[in-house]
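Nothing in this text is a laboratory measurement; each read-out follows from the coordinates by a stated rule. Just so you know, these numbers come straight off a predicted model, no measurement behind them. Cβ sites come from the backbone with ideal geometry, for glycine too, and all protein chains shown count toward neighbours.
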Ligand code: PLP
């Protein structure tokens with residue numbers, strides 16, 4: 001309607017006048033304006049419908065406007081919108097119980113935060129207090145959040161302008177078979193060499209100084225490079241051997257994204273701490289958290305934990321988590337994500353890689369896939385430099401959008417990260433849009 005068009009235009013103008021956006025040079029931006037969303041689709045202010053193959057920032061694991069969660073939020077809002085963190089509340093208690101039920105091993109105590117970055121901040125603080133050590137090991141090609149310590153733990157270029165040189169974070173090279181730092185030529189060799197490198201790092205940095213190792217179980221924004229067999233098990237063994245707290249960052253990979261409740265479940269590994277956010281309630285209300293082992297918990301059984309937030313375990317966010325986890329269970333969304341990965345995304349993307357010389361590699365699990373684009377398969381020269389964009393990538397992204405898709409793109413990669421309950425038809429339609437648009441990228445292959 002003309003009113004909706006006007007409202008959309010006004011939203012855009014006010015945005016440009018007053019809203020300061022993340023990670024951006026403000027006057028280079030041209031944001032899309034969205035007015036409506038449902039399931040795997042979103043509508044812009046002109047009434048155009050887009051297939052959401054991004055799940056926004058890979059967080060709407062249950063899709064948009066799921067009625068179970070909307071109703072849970074409405075019900076909670078009617079009963080009790082907010083309550084201070086020192087009081088007990090049914091929504092928070094039940095969310096913690098459900099999360100404890102889903103996490104592996106004895107990770108049965110949950111500290112709630114507002115998102116993923118502060119979950120990692122608190123996890124590291126707990127590890128430091130638990131061990132009395134300061135250093136933190138973290139992987140290059142990782143993302144752990146935008147707050148000060150979390151961005152210093154991050155291993156992508158966004159860390160560099162924020163690097164204070166005094167964060168205590170030391171970066172190591174992760175296992176990444178496609179672009180191996182270890183010149184390995186098999187996944188087994190990659191695992192073995194990456195673990196040997198990690199152990200060297202621990203010894204050379206001084207195990208007695210290292211509080212924590214923080215690692216995305218499957219690195220997300222950095223490229224969905226699934227660790228080769230044995231790597232995560234090896235990380236668990238090394239951290240245990242040297243008394244280092246193993247923090248698995250499951251902010252993006254967790255809550256069904258990779259076809260298991262937590263990505264570590266692929267390897268049967270129990271870290272000391274899992275950090276989560278995003279999929280815990282699909283981002284309907286901001287929520288993150290730290291799930292910790294009994295050993296970590298015991299450090300703070302008699303000694304106060306020196307940290308907190310006004311909104312720790314906010315009832316609206318926790319009610320949304322209870323709603324989301326309930327809906328995911330009732331509708332078998334995690335199983336569906338695993339099936340989609342095995343039956344649709346895996347085989348279709350591999351077939352696409354055969355057809356398109358611009359595809360260097362496809363990889364992933366569940367509803368968590370990356371297409372890594374290259375200008376040359378032999379040299380693996382990326383379609384955009386690490387940390388940057390390129391005219392070739394921008395052209396491809398524009399083509400995907402004009403074909404009616406909202407993609408997730410990062411550097412030289414397109415990620416296939418739709419809601420876990422996307423229909424098979426929509427999943428295939430999205431892949432067909434990518435397949436079609438990739439001819440543009442193929443034209444730049446040398
Ligand atoms: N950790 C990982 C693996 C993430 O992907 C993100 C966000 O993308 C974060 C942490 C930070 O979460 P938030 O943006 O909620 O602070």
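With a Förster radius of 25 Å applied to the beta-carbon distance between residue 188 and residue 158, the computed FRET efficiency rounds to 0.15. For region 417-446 versus region 119-147, the inter-centroid distance based on Cα atoms is 36 Å. Measuring r between the beta carbons of residue 398 and residue 299 and using R0 = 51 Å, the FRET efficiency lands at 0.50. The distance from the alpha carbon centre of region 287-320 to that of region 28-62 is 32 Å, rounded to a whole number. Counting neighbouring Cβ atoms within 10 Å and putting the fewest first, the residues 411, 34 line up as 34, 411. Over all directions, the average projected area of the alpha-carbon convex hull for region 73-147 comes to how many nm²? For region 73-147, averaging the hull's shadow over all directions gives 7.3 nm². Among DSSP beta bridges lying fully in region 67-330, give the percent that are antiparallel, nearest 5. Antiparallel bridges: around 35 percent, rounded to the nearest 5.
With viscosity 0.692 mPa s and temperature 37 °C, the Kirkwood radius over alpha carbon pairs of region 17-115 converts through Stokes-Einstein to a diffusion coefficient of 191 µm²/s. Taking the fewest neighbouring Cβ atoms within 10 Å as the starting point, the ordered list for 15, 156, 425, 200 is 425, 200, 15, 156. Diagonalising the gyration tensor over the Cα atoms of region 118-221 and scaling each eigenvalue by 5 before taking the square root yields semi-axes of 23, 17, 11 Å, largest first.
Each of 51, 238 was scored by other Cβ atoms within 10 Å of its Cβ. Arranged with the fewest first, they read 238, 51. Measuring nothing but how far apart in sequence close Cα pairs (under 8 Å, 6+ apart) lie, relative to its length, the chain scores a relative contact order of 20 percent. What the Cβ-Cβ distance of residue 178 and residue 350 gives, at R0 = 22 Å and to the nearest 0.05, is a FRET efficiency of 0.95. Using bins of 10 Å that start at zero, the share of Cα-Cα pairs per bin across region 67-330 amounts to 7, 31, 36, 19, 6, 1, in whole %. Using the empirical formula 2.2 N^0.38 Å as the baseline, the Cα radius of gyration of region 297-432 reaches a ratio of 1.41. Looking at the chain as a GNM with Cα springs under 10 Å, which of 316, 204, 396 has the largest mean-square fluctuation? Greatest mean-square fluctuation among the candidates belongs to 204. With the helix formula -39500 (n - 2.57) applied to DSSP H stretches of n ≥ 4, the chain reaches a computed 222 nm mean residue ellipticity of -12000 deg cm²/dmol. With the simple spin-label model, which puts each label point 7 Å out from Cα in the Cβ direction, the residue 331 to residue 379 separation comes to 4.7 nm. Stretched out straight at 0.36 nm per residue, the stretch from residue 100 to residue 75 would grow longer than its current Cα-Cα span by 6.6 nm. Alpha-carbon geometry of the chain: the Rg and the Dmax are 21.5, 66 Å, given in that order.
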